[in-house]
Every structure is written in C-alpha cells, then in structure tokens.
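Please read the structure below before turning to the comments.
The values are calculated or read from the model by the stated rules, or taken from the named source; none is laboratory data. Predicted model, so just to flag it, every value in this text is computed and none were measured. Backbone-built Cβ (ideal geometry, glycine too); neighbour counts: all protein chains shown. All accessible areas refer to the heavy atoms of the entire protein, side chains included, with ligands and DNA or RNA removed. Shrake-Rupley method; radii C 1.70, N 1.55, O 1.52, S 1.80 Å.
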Amino acid sequence: MDILKTKSAMQEWSKKKKKESKTVCLVPTMGYFHQGHISLMEKGKPLCDELVVSIFVNPTQFGPNEDLDSYPSNIENDLALAKKAGVTAVFLPSKKTVYPEKFQTEIKLQYLPGFLCGKFRPVHFSGVATVVTKLFNIVMPDIAIFGQKDYQQLQIIRQLTLDLDFDIKIIAGNIIREKDGLAMSSRNAYLSKLQRSSALSLSKSLNLAKELIARGEKNPVAIKNQIETFICTFPETTIEYISFCNPKTLEAVDSIEHQVLLAIAVKVGKTRLIDNALIDHPAQ
Ligand code: PAF
C-alpha cells in the first residue's frame, strides 16, 4: 500500500495508473475508521483496479463552535485497516498541502445546502464541496464512493459532479449500523454510556415512522409530532431537525405519497448525530 502525502505525488501516482489503463476508485474520509468506512472500501474494491482512500480532517467544513480540534484520529490504526481492506494507496495530505497560503477559492452550491444540516451548519457544505473538488482533481478517480448516512452530502456531491463536468461515477454506500441500530459514526466515540443509549432515539424514530407510514399515515406533521415526543423521553437529547423531504431536491413534503427521505439531527449532550431513511409509501 502506497502512502502519498503531497499533491504532486498523488497526481503522478494516478497518472501512472491511468497510463497502465487501470481504473481508480476513491473513498474520501476524515479517518478514525469504523465498519462504515470499511464497507465503502469493500464496495469499491471489486469495482476498480486501484483503490485509493484519502484521510484528511478538512478544517473548512467545521464551523467556529464545532469539533474540529477534538475530532478523533488514529492514523496508525486507519492505515492497518485500509491495508487489510485491500486499499492500494492512501492520500494523507497536510493542511498546508490542501490549503496553501493565499488559497481563496470556494465551491458553493445554490440550493441543496439550504435544507437539513445546511441550515444549522452554514459553512459546512461549501467546505465539503471545495475539498471534494480538490480531491477529485488530485486523485483523478473514475469512481468515488460516499456513505448514505451523510445523505445531503451525497446529493451535493452528485450535483457538483454534474455541474462541474467531472467524469466520475458517484456510488452510494449503505448506512452501517451497530447491532442495536445506532448508525456508525466517528463521533459516536464522544458519547458517555447514558448518551450512547439516548443516541438510539434516532434509529428508533426512523423505525417508528416506518411503522406509521406502513399503517397508512400520510401526514408528515402528525409523524413528526410523535417522533418529537418520543425523542424527548431520552435523556440529554435536543432535536435539531426532523424532516420529511423529497429525496432528490431535499424540499420538505406536505404529504407522504411517494418515497420520502426522513432525515433527523439530534444533539445528544454536545454530540451532534444524524441519521436517515428512504421510506416507501405502502400504496406504491
Ligand atoms: O464524509 C466525510 O468524511 C467528509 O465530509 C468528506 C467527504 C471526506 C470531505 O471532507
């Protein structure tokens, strides 16, 4: 497994592979791997000749009061897990490599960041869009894989790939859950024992909504009210949003007639957790 730390080394590596007619797949990450990351690598492995993982905690996607300084990291363990998953190269740039002095460009989408997490994290998606654009230009992958847990991020990357004419196939990876239903996230490491059990309120809410919709409930407000009451029974929870929306545009729906995305963000203590599900209406 090659470890590349500079832009030119990464670009030269990819150019060489392309000259050899090899296909390159990129899994962009911020490290501190869990099974969710590994599943993205496992998804990419059979689709390409060369599997690249980038590890970079991108400062521009964190707001001023967010967890950039405490974001968990364990590079040695990440490298061992990547090797085991069959990764052929890791791009491990420094902050200065990605954002040299005098860097001044920002990629900003017009509509998709205006919903869900974007309402609460105003700089987040321009930071994500900018770094992913740079990763695409540096790694030059044929395929890139992003997890569906960050559903809004996935839609934003699909849109930017289209808008900026990247010849890259974007593939979605399933949400990977712990046995009890908690969606895997590097931020789960912040949770105390009590908070860990309160964190289950998210996946349980998704199940509650699925049941209500399966029984014929079509009114998102009625379901939201029930979910709100339910989440509030768990200690240390503060709801940020519960949204039933169109899976493509992310606009809120006022009746559940077709497939909807239910997206939830809850703070458990100080830890912000998100989860989501695509839910089909039984009449479909
Ligand atoms: O999903 C993430 O880990 C990050 O947002 C990403 C896509 C690696 C960009 O920093």
**Odd one out for Thr130 among (1) open to solvent by less than 60 Å² (accessible area, probe 1.4 Å); (2) of a type outside the set (D, E, K, R); (3) away from the ligand (no atom under 14 Å from the Cβ); (4) closer than 30 Å to Lys19 by Cβ** = (3)
**Complete:** Given (1) out of contact with any Gly (no Cβ under 9 Å at 6 or more places or on another chain); (2) open to solvent by 30 Å² or more (accessible area, probe 1.4 Å); (3) not hydrophobic (A, V, I, L, M, F, W, C), Lys204 misses just (1)
**Message:** Checking the structure you have, find out if any residue of the range 2-10 is farther than 30 Å from Thr249 by Cα, part of a loop (DSSP other than H, G, I, E, B) and of a type in the set (Val, Ile, Thr).
**Reply:** yes
**Fill in**
For the range 227-252, pairs from a residue that is in contact (Cβ under 8 Å) with a residue 24 or more places away in the chain and assigned to a loop (DSSP other than H, G, I, E, B) to a residue that is loosely packed, with under 13 Cβ neighbours inside 10 Å and among the hydrophobic types (A, V, I, L, M, F, W, C), with Cβ under 9 Å and 6 or more apart or across chains, are Pro247/Leu278
**Asked** Can you tell me which residues in the range 168-182 are part of a loop (DSSP other than H, G, I, E, B), more than 18 Å from Ala129 (Cβ to Cβ) and more than 13 Å from the ligand (Cβ to nearest atom)?
**Response** Asn174, Ile176, Glu178, Lys179, Asp180, Gly181, Leu182
**Prompt:** With (1) assigned to a helix (DSSP H, G or I); (2) surrounded by fewer than 19 Cβ atoms within 10 Å (Cβ to Cβ) as the list, and Leu109 as the residue in question, which single condition is left unmet?
**Reply:** (1)
**Asked** Which of the residues spanning the range 136-161 are more than 15 Å from the chain's Cα centre (by Cα) and either part of a strand (DSSP E or B) or more than 22 Å from Leu116 (Cα to Cα) (or both)?
**Response** Phe136, Asn137, Ile138, Val139, Met140, Pro141, Asp142, Ile143
**Request:** Scan the range 47-69 for residues that are open to solvent by 70 Å² or more (accessible area, probe 1.4 Å) and not in a helix (DSSP H, G or I) and report the count.
**Result:** 4
**Message:** I'm trying to understand the selection: among the residues of the range 30-68, which are of a type in the set (Gly, Ala, Ser), more than 10 Å from the ligand (Cβ to nearest atom) and touching a Leu at 6+ places or on another chain (Cβ under 9 Å)?
**Reply:** Gly44
**Asked** For the range 235-281, what are the residues that are under 30 Å from Leu68 (Cβ atoms) and in contact with a Pro (Cβ under 7 Å, 6 or more places away or on another chain)?
**Response** Leu261
